[in-house]
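Peer 1: Handing you this structure, nothing more for now.
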Amino acid sequence: MNAPEPITLRQFLLAEQKRDARLPKIVAAMEDLAQASRKISHLVSRGELGGTLGSAGTENVQGETQKRLDVIANDVILEALASSEHWLGLASEEMPHALAVPTDNDRGYLCLFDPLDGSSNIDINGSIGTIFSIL
């Protein structure tokens, strides 16, 4: 028995959108996050060559020392989502307060996220990732 052919996130989202016509807004919102994730992945892959490793010299809301990549990843997500019409608010582990996104829309999503979970693993080439919740 052959394993199913892997599909991309975009292929999955478009297939789901065809299955349920009510999904276009969440599909577009997920694509905003996917775009930010691709950019973060690229920055992480450059490592020290990109000048992104090491401490930022600041602390997050839990009192943990932020890595440069924590701050950069947070900025990447904020830029990608705040410039989109799909989001009304954003909250991150790296920010002391939630950010209201100015929009003409009266409906949209909230995104709660940890832009680079496991960032303490960066220096040892351990696992890292972005965690998010869409409300």
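Peer 1: Leaving out ligands and nucleic acids, and using a 1.4 Å probe, what accessible area per residue does the chain come to in Å²?
Peer 2: 65
Peer 1: Something else now. To the nearest 10 degrees, how steep is helix 68-82 against the longest Cα principal axis of the chain, on a 0 to 90 scale?
Peer 2: Computed tilt is about 30 degrees.
Peer 1: Next up: Do any trypsin sites (Lys or Arg not before Pro) in the stretch 61-107 lie in a DSSP loop with no more than 14 other beta carbon atoms within 10 Å, and if so, which?
Peer 2: R107
Peer 1: How much length would be gained if the chain were fully extended between S120 and I134, taking 0.36 nm per residue of separation minus their Cα-Cα distance, in nm to one decimal?
Peer 2: Length difference between fully extended and current span is 2.5 nm.
Peer 1: Rounded to the nearest 0.05, what FRET efficiency do T103 and T8 have when you use their Cβ-Cβ distance and R0 = 30 Å?
Peer 2: Approximately 0.60, to the nearest 0.05.
Peer 1: Relative to the first principal axis of the alpha-carbon coordinates of the chain, what is the inclination of helix 9-19, with its axis defined by its Cα atoms, in degrees from 0 to 90 and to the nearest 10?
Peer 2: Rounded to the nearest ten degrees, it is 30.
Peer 1: Charges only on Cβ, +1 for Lys and Arg, -1 for Asp and Glu: so what's the dipole of the chain about the Cα centre, in debye to the nearest 20?
Peer 2: The calculated dipole for the chain is roughly 480 debye.
Peer 1: Report the residue, chosen from Q17, Q62, Q35, that carries the largest GNM mean-square fluctuation when the chain is represented by alpha-carbon nodes joined by springs under 10 Å.
Peer 2: Of Q17, Q62, Q35, the Gaussian network model singles out Q62 as fluctuating most.
Peer 1: Which GluC sites (Glu not before Pro) in the stretch 63-135 sit in a loop by DSSP (not H, G, I, E or B) and have at most 10 other Cβ atoms within 10 Å of their own Cβ?
Peer 2: Of the GluC sites (Glu not before Pro), not one in the loops of the stretch 63-135 has a Cβ with at most 10 other Cβ atoms within 10 Å.
Peer 1: Right, next: Heavy atoms only, probe 1.4 Å: what % of the accessible area of the chain goes to carbon and sulfur, would you let me know?
Peer 2: 53
Peer 1: Let me ask something else about it. With a 10 Å cut-off between alpha carbons and a GNM built on the chain, which of A21, A100, A91 moves the most?
Peer 2: Highest fluctuation of the listed residues: A21.
Peer 1: On a 0 to 90 degree scale, rounded to 10, what angle separates helix 24-46 from the longest Cα axis of the chain?
Peer 2: 30
The values are calculated or read from the model by the stated rules, or taken from the named source; none is laboratory data. Nothing here was measured: the structure is a model prediction, and the numbers come from that model. FYI the Cβ positions are ideal-geometry reconstructions off the backbone, even for glycines, and counts take in every protein chain you see. Just so you know, the surface numbers come from the protein's heavy atoms only, side chains and all, with ligands and any DNA or RNA stripped out. Shrake-Rupley method; radii C 1.70, N 1.55, O 1.52, S 1.80 Å.
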